[in-house]
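Below: one structure, written as structure tokens.
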Amino acid sequence: MKPGASGRFRAVVLAAAALLAAAGCGRDEARPGPGAPDGARPSGAVFVYCAAGVKEPVEEIAKRFTAETGTRVEITYANSGQLLGQIETTRTGDVYIPGDVGFAEKAAEKKLLSGAPRPFCFFVPAIYVRKGNPRGIREVADLARPGLKLVLADRSSAVGQIQEKLFRKNAVDEEALKRNLVASPATVTDVALAVKLGTADAGIIWDALSGFAPAEAETVAIPTEKNVIGQVTACALAGARNPAGAAAFLDYLLSDKGRAVLSSKHFTVDAPR
Amino acid sequence: MIRLEGLRFEVGAFALDASLDMAKGEYFVLMGPPGAGKSVLVECLAGLRVPSAGRIEIAGRDVTAAEPGDRGVGYVPQDYALFTTRSVYDNIAFGPQVRGLPDEEIDRRVREAVRLLDIERLLDRRRVQGLSGGERQRVALARALAVRPDVLILDEPVSALDESTRESVCGELRRLQRELGLTTIHISHNLEEAFSVADRGAVMQGGRIRQVGRLEELLRRPSSEFVARFMRCENIFLAACRGPGPGPDTTRAEASGAEFVLPGERRGQIQFAIRPENLAVERPGDRRERAGAAVLPVRLTRSVDRGAYVRLELDGAVHLVAHLAPRAFAELGAADGAELLAVVRPEAVHVIPQGT
Amino acid sequence: MKPAPGGRLFRGLTSSAAVAFAAVIALLLVVDLLYILAFLARSSAGEASGFWRELLGGGDWAAVLGGQTVRELLLSLGSATVTTLLALVLAVPAGYALSRHRIPGKVVVDTFVDAAIVLPPLIMGVSLLVLFSALRRTGEALGTPPDALTGEPGRPNFLVQWLYDFFVYQRPGIVLAQFLVGTALAIRAMRAAFDAADRRVEDVALTLGCSRFGAFWRAALPQTWSGVLAGGVMCWSYSVGLFAPVQIFAGAIEGRTRVLPTRTFLEITVGHLELALALTLIMAGIAMAVLICLKFALRRPAGTGGPVS
């Protein structure tokens, strides 16, 4: 133990703390306004929060955008809810692409967005069954049939939110559905996976996933009048450090070039009729 | 050479409170039952524990606040605590290296230490793992000696060794100490071991030193019942004085119906001890001079041959233990159950001073 | 020596516990491999080549080495290594203190160390994010407010802003997320090692002239070598496979903070199960190889204590 040395160390720490305090003295807690440009990050990159469900087209579109404009795009992927949490706590990042418009609305309520959410693509719910449809499932109501092994995504996911509306619209007995339920995974791909691996007979997925496992499973389409269509929107964020870059990327995302990529990946670009 | 004055150290319910003096070149043995505070005392001396009060002096220097490495103390703990990741050479060289001695001096110290302990053949051992107990002990000693200490502390140095090596190692410790003139403190709870190495010693109990002195003195003239018992004196009695005894300057005293003759003029309640080897045992028919001695009729209940002596348990008005030389026991020709006489001469009786 | 029948039974039972567990883990990996092989067997040539391209990043060596998978793998291994080194720097003295010193409130300290292990990894990441958002707000409060007259925007405190930008969605954030739990594991291992080590070697070193620090460094620490190794291995293995807190605190940004486990997770969410399994097998294989090399390279020739078999 050298009391002299530790004393000196403490003095340095105290001095540093005092400097910090002095630097902020006499200021009220006024925040920088939304969209305030910030010199701390000179890269000019666009930072995007993207739902894992639209990872493939967004990744591709971002690549093309960078090639054309020279602006880098940094994308972090997770489920829509986690991304919303990250945006809310950090208040950084420029663009948010959640898997369902509901998350965009929540973000708007929390005043995290700058401007209105812009439509990007559509998620059309479909029934996913084992190859050859051995249980003979034709419509949403069939999912309540006794003895069926059913897999439905959890409410926290985008598909989970929409399928509730779907069941209500088709007047399906929710108690009977619950009895059939064998799993409620967190993401829509886990639903597809369960059907693919045969742990469940049927589940609800997006039509964009219909090519998920052509050898083991197939989709049963739901007629548009009986369906509830999900919408994916892209939003500019209020805390953006690069609002100009965000706007440019959003425009590109929603341009014909972006739509072409979406179509090539089996995503529904136009609202189904 | 070493002076401990009012040394205090507390840990939990245990409290050490000791004062002690040791002369230069003395081989001192610290004895006592487990938990008496022997290790704590030497750890304070070595600077490994910080006493709450008191003063420690080594070689005329106050070292109470000195670092362990600046006290001139060589320390060999129980089980030796060798550096298991180092070679034998590096174990011994550790001290000189830490002290920043030049390489040739380090090498000289190591060679000197291994020569002293006769372990040159171990120097090429890469690890200390495979060494025998005796070898480990020598390496630990060599490691302590390589820093040329004024004082050597050995905490139960031979407890981990088997009976047969113990004796020879003790002899060697003694030789080494004489050769180097080292002041040595040796912790032991074994009397044979203590007598085979030391000149002087102390008996500790409950953190206190109960008696200090030459070992014969601790043995023959214990200052308390505890020390007497620790020195394996099994015949300890509380007696009432009954007036002058048969011989000059003696006193008769009675303990549980048995009459003893004590040296000196005494009165009142008295506690005394008779060493088992000082008790004479005779057959009733023997015609021997018994004048001035107490003669107690006893029955032999058990005899155990311990090699160097035979231990007899005798029952009479009081229970007595006697140690006889094997030849004397053979001459006695007594089997278990035999009626005998225990003869206690006044000079065999040690009166334990009162108030201790 | 030939063991007695009872001894053989005992040995058989205890050994089979170890072997059975290892076999279950091995079985999991083998099943994954079979799944991938079955996928390759039934898929078309185009699908298969797509799989290989996604998995390895290209057709030739240059493309493989410069590819996404190799970069993410290196990021995983590298960040875990940095984390482990930092963790040991903290865990060695901390484990020593918990083992040897009487610290007031030691039970509390000990419990919080355990809490780091008990907390769900995802919550660890969320907590970090919450902490840094609080930090950011503090930085804004300490900084320059926007000027109402000139319209000049406000600036947060430089130091706080720097700290925020250093960690959040950046590579140091990966290390920080791994560090919190990895260090707790390493502290546990170091404490156990110091508990088991002979304390008297330090006493001897002190009497031989070492300072307090020297005795720790030259006598106590070498004896706990196996503990340093165990703690390091635990921390490293944990860090290599960690993704939940990394993904939320450091993000999953390609080329910057996307580690291989995060990539695996993302591949599963988009339905590329085979790819995810293959990536995991590659990572597990490399991590196991590293651990085996490490154990052989760093093992002391003679065991420290214990009966020789």
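Collect the residues in region A:196-250 that are crowded, with 20+ Cβ neighbours inside 10 Å and more than 24 Å from the chain's Cα centre (by Cα), keeping them in residue-number order.
Hits for region A:196-250 are A:Ala200, A:Asp201, A:Ala217.
Answer yes if at least one residue in region A:232-247 is within 29 Å of A:Asp142 (Cα to Cα), in contact with a helix residue (DSSP H, G or I) (Cβ under 7 Å, 6 or more places away or on another chain) and either modelled with pLDDT under 90 or of a type outside the set (S, T, N, Q) (or both), and no otherwise.
Looking for residues that are within 29 Å of A:Asp142 (Cα to Cα), in contact with a helix residue (DSSP H, G or I) (Cβ under 7 Å, 6 or more places away or on another chain) and either modelled with pLDDT under 90 or of a type outside the set (S, T, N, Q) (or both), one finds at least one in region A:232-247, hence yes.
With free of Cβ contacts under 8 Å to residues at least 12 places away in the same chain and either at the interface with chain C (Cβ under 8 Å from one of its Cβ atoms) or surrounded by fewer than 20 Cβ atoms within 10 Å (Cβ to Cβ) (or both) as the only criterion, which of B:Gly74, B:Gly100, B:Gly95, B:Gly69 stands out?
Being free of Cβ contacts under 8 Å to residues at least 12 places away in the same chain and either at the interface with chain C (Cβ under 8 Å from one of its Cβ atoms) or surrounded by fewer than 20 Cβ atoms within 10 Å (Cβ to Cβ) (or both) holds for just one of B:Gly74, B:Gly100, B:Gly95, B:Gly69, which is B:Gly100.
Could you figure out which of (1) within 30 Å of B:Val147 (Cβ to Cβ); (2) open to solvent by 40 Å² or more (accessible area, probe 1.4 Å); (3) β-branched (Val, Ile, Thr) isn't true of C:Val204?
The failed condition is (2).
Out of region C:207-255, which residues are out of contact with any helix residue (DSSP H, G or I) (no Cβ under 7 Å at 6 or more places or on another chain) and surrounded by 24 or more Cβ atoms within 10 Å (Cβ to Cβ)?
Residue satisfying the conditions is C:Gly251 alone.
Given the structure, is C:Leu149 more than 10 Å from chain A (Cβ to nearest Cβ) and at pLDDT 85 or above?
It is false that C:Leu149 is more than 10 Å from chain A (Cβ to nearest Cβ) and at pLDDT 85 or above.
Being closer than 16 Å to C:Ile286 by Cα and of a type in the set (Ser, Thr, Tyr) is the filter here, so list the residues in region C:219-266 that pass it.
C:Ser237, C:Tyr238, C:Ser239, C:Thr264
Wholly within region A:159-273, which helices (runs of 4 or more DSSP H) include no fewer than the required count, namely at least 2 residues that are without any contact (Cβ under 8 Å) to a residue 12 or more places away in the chain and away from chain C (no Cβ under 14 Å)?
In region A:159-273, A:174-180, A:243-254, A:256-264 are the helices (runs of 4 or more DSSP H) which contain 2 or more residues that are without any contact (Cβ under 8 Å) to a residue 12 or more places away in the chain and away from chain C (no Cβ under 14 Å).
Do the conditions hold for B:Ala228, that is, is it under 17 Å from the mean Cα position of the chain (by Cα), open to solvent by less than 40 Å² (accessible area, probe 1.4 Å), farther than 15 Å from B:Tyr80 by Cβ and at pLDDT 95 or above?
So B:Ala228 does not fit the description; no.
May I ask you to say which residue of C:Leu163, C:Leu176, C:Leu128 is more than 9 Å from chain A (Cβ to nearest Cβ) and open to solvent by 60 Å² or more (accessible area, probe 1.4 Å)?
The unique qualifying residue is C:Leu163.
For A:Glu68, are the conditions met, namely being at pLDDT 50 or above, loosely packed, with under 15 Cβ neighbours inside 10 Å and over 30 Å from A:Pro185 (Cα atoms)? Give the steps one after another, and end with the answer.
Values: at pLDDT 50 or above: yes; loosely packed, with under 15 Cβ neighbours inside 10 Å: yes; over 30 Å from A:Pro185 (Cα atoms): yes.
Answer is yes for this residue.
Identify, from the list C:Val118, C:Val168, the residue that is within 8 Å of chain A (Cβ to nearest Cβ) and under 25 Å from C:Pro245 (Cα atoms).
Testing whether each residue is within 8 Å of chain A (Cβ to nearest Cβ) and under 25 Å from C:Pro245 (Cα atoms) leaves just C:Val168.
So that you can scan it fast, the table gives a plain yes or no per residue for (1) more than 24 Å from B:Ala18 (Cβ to Cβ); (2) open to solvent by 20 Å² or more (accessible area, probe 1.4 Å); (3) touching a residue at least 12 places away in the same chain (Cβ under 8 Å); (4) over 17 Å from the mean Cα position of the chain (by Cα):
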site	(1), (2), (3), (4)
B:Ile187	no, no, yes, no
B:Asn190	no, yes, yes, no
B:Ala198	no, no, yes, no
B:Gly201	no, no, yes, no
B:Ile209	no, yes, yes, no
B:Glu217	no, yes, no, no
B:Asn235	yes, no, yes, yes
B:Arg242	yes, yes, yes, yes
B:Gly247	yes, yes, yes, yes
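Identify the single condition in (1) farther than 30 Å from B:Pro102 by Cβ; (2) part of a strand (DSSP E or B) that B:Ser159 does not satisfy, given that it satisfies every other one.
It fails just one condition, (2).
Hey, among B:Asp118, B:Asp62, B:Asp79, which residue is closer than 22 Å to B:Cys44 by Cβ, away from chain C (no Cβ under 12 Å) and either open to solvent by less than 10 Å² (accessible area, probe 1.4 Å) or under 29 Å from the mean Cα position of the chain (by Cα) (or both)?
B:Asp62
Looking at region B:222-256 only, could you name the residues that are part of a loop (DSSP other than H, G, I, E, B) and more than 30 Å from B:Arg306 (Cβ to Cβ)?
Within region B:222-256, B:Gly245, B:Pro246, B:Gly247, B:Pro248, B:Asp249 meet the criteria.
Would you call B:Glu282 among the acidic types (Asp, Glu) and either open to solvent by 60 Å² or more (accessible area, probe 1.4 Å) or on the phi > 0 side of the Ramachandran plot (or both)?
no
Go through A:Ala108, A:Ala116, A:Ala67, A:Ala104 for me and flag whichever is assigned to a loop (DSSP other than H, G, I, E, B) and small (Gly, Ala, Ser).
Result: A:Ala116 is the single residue among A:Ala108, A:Ala116, A:Ala67, A:Ala104 that is assigned to a loop (DSSP other than H, G, I, E, B) and small (Gly, Ala, Ser).
For region C:203-252: of the residues being among the β-branched types (Val, Ile, Thr) and under 30 Å from A:Val48 (Cα atoms), which is farthest from the other protein chains (Cβ to nearest Cβ)?
Among those residues, the one meeting the criterion is C:Val240.
Hey, does region B:126-149 have a residue that's open to solvent by 30 Å² or more (accessible area, probe 1.4 Å), at pLDDT below 85 and either under 20 Å from the mean Cα position of the chain (by Cα) or of a type in the set (Lys, Arg) (or both)?
Yes, region B:126-149 contains at least one residue that is open to solvent by 30 Å² or more (accessible area, probe 1.4 Å), at pLDDT below 85 and either under 20 Å from the mean Cα position of the chain (by Cα) or of a type in the set (Lys, Arg) (or both).
Open to solvent by 20 Å² or more (accessible area, probe 1.4 Å) and modelled with pLDDT of 95 or more: does that describe C:Val118?
Working: open to solvent by 20 Å² or more (accessible area, probe 1.4 Å): yes; modelled with pLDDT of 95 or more: no.
Judged against the criteria, C:Val118 is not a match.
So for region B:139-161 (the condition being within 17 Å of B:Tyr75 (Cβ to Cβ), out of contact with any Ser or Thr (no Cβ under 6 Å at 6 or more places or on another chain), among the aliphatic types (A, V, I, L, M) and more than 14 Å from chain C (Cβ to nearest Cβ)), does at least one residue qualify?
Yes.
Search region A:87-98 for residues being within 11 Å of chain C (Cβ to nearest Cβ) and modelled with pLDDT of 90 or more, and hand back the single one that is surrounded by the most Cβ atoms within 10 Å (Cβ to Cβ).
Per the criteria, the residue is A:Gly93.
Looking at A:Val101, A:Val73, which is the one that is within 13 Å of chain C (Cβ to nearest Cβ) and buried (at least 17 other Cβ atoms within 10 Å of the Cβ)?
None of the other options fit; the residue is A:Val73.
For B:His319, are the conditions met, namely being within 30 Å of B:Glu265 (Cα to Cα), at pLDDT 90 or above and buried (at least 17 other Cβ atoms within 10 Å of the Cβ)?
no
The values are calculated or read from the model by the stated rules, or taken from the named source; none is laboratory data. This structure is a prediction, so every number in the text was calculated from the model and none was measured. Heads up, the Cβs are rebuilt from the backbone with ideal geometry, glycines too, and the neighbour counts pull from every protein chain shown. Side chains included, ligands, DNA and RNA excluded: accessible areas come from the protein's heavy atoms. Shrake-Rupley method; radii C 1.70, N 1.55, O 1.52, S 1.80 Å.
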